[in-house]
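Report on the structure given below.
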Amino acid sequence: MTNSNHLTTPSSDTSGRIQRGGLSYELTEHCNLRCAGCDHAAPWSDEHFASPAEFERDLTALAKVLYVDELKLCGGEPLLHPQLLDFLRIAKKVNIAEGIVLLTNGTLLHKMPIDAWQYLAEVRISVYPGVRRRYDAQALSAIAERYGCLFVEMPIETFNEVFTPIKETDETLVETIHRGCYSAVNCHTVLDGKYYRCSRVHSIRKRLKMIGKPDSLEMDGLDIHNSPNLFQSLRQYLDNDKPQSSCRYCLGMYGKEVKQEQLNAKKLKEEINRPHLSALDLLDPTTPRTKDSAVRIEEIRTEFTQKKNWLHLQQDIMHCE
């Protein structure tokens, strides 16, 4: 059974807009889980809900110059937002994406309004060890099929260290990590009226603030509403492949593995108060130490994005490293 309601028909000017694979938008900063190693810093975030009005303002401005394959609604946990349907209706109306994707841990899908399914091209669930949900895969697959929606489960056994509180000054190391970083290439996001080439900027800023080290990372973003020529400004911003200021606090895809578990209050506090370690302390030993090897990894990740081949990604990268 198919249903085209979840697909946005490209307007006549789509070819005149900048084309990209995906764009994400955080509906919430907080989450109902407390995952170790969360790169959104959700376990340490206060309750915060995005504004539908700001969402519409930002995406309406961007839709004049940008068209993406996927608009990914995420968090935190997006299903905590009581106005989820408003965001979905707005996303469809502004015509910025071919399809809308919901990124969720799945534990609240039984509470999602049934009307939400008609707007979604895909529901992508992160499956964590020991975390239960009301609807199993069979039930969700049946609902998704009814609405012509793709349902995908992504088992996650580990995360990787992402954040280092010590600003990295080794230019070669920063560029090497940036070159091989999947997020820097594929995880663009919109936040507070700015377009960012990496979704981690906001979480890194939060982590720095928590330890009393605020930094002006907002300069990494492009102001959507105060650019005289947004098309030209966005094109130039996207063409810039240099590391951003936030990259100096980020381990990219190369941090040591963090075993996936749900943190209790004691472990959350320990995580915040742990000794400040540098990038070299937190990097996996297999991290490429030259820009050439990182460039090849970047190529593999780009190929993966184009093919959306989840199964072969890690195997190809391991062979490269």
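Laboratory data are not the source of any read-out in this text; all were calculated from the coordinates shown. Just so it is clear, the structure is predicted and the values come from calculations on it, not from any experiment. Cβ: placed from backbone, ideal geometry, glycine included. Neighbour counts: every protein chain shown.
Things worth noting here:
- Phi angles of region 30-44 translate, via the Karplus equation with coefficients 6.51, -1.76, 1.60 and θ = phi - 60°, into HN-Hα couplings of 8, 8, 8, 10, 10, 6, 5, x, 4, 7, 9, 6, 4, x, 10 Hz per residue; Gly and Pro are given as x.
- Length added when fully stretched, Q138-A53, from 0.36 nm per residue minus Cα-Cα: 27.0 nm
- For the set K167/K242; K72/K242; K64/K194, the pairs lying more than 23 angstrom apart at their alpha carbons are K72/K242.
- Projecting the Cα positions of T172, S141, A184 onto the charge dipole of region 115-194 (unit charges on Cβ atoms of Lys, Arg, Asp and Glu, taken about the Cα centre) puts S141 furthest along the positive direction.
- For region 19-176, the Cβ-based charge dipole about the Cα centre amounts to some 760 debye (Lys, Arg positive; Asp, Glu negative; other atoms uncharged).
- Ranked by how many other beta carbons lie within 10 Å on average, peptides 22-29, 147-154, 85-92, 262-269 from highest: 22-29, 85-92, 147-154, 262-269
- Euclidean distance of C-alpha centroids, region 173-245 and region 48-118, integer Å: 21 Å
- Highest-first arrangement of 222-232, 251-261, 155-165, 97-107, where packing means the average Cβ count within 10 Å: 97-107, 251-261, 155-165, 222-232
- Charge dipole of region 40-91 (Cα centre as origin; +1 on each Lys and Arg Cβ, -1 on each Asp and Glu Cβ, all else neutral): 200 debye, rounded to the nearest 20.
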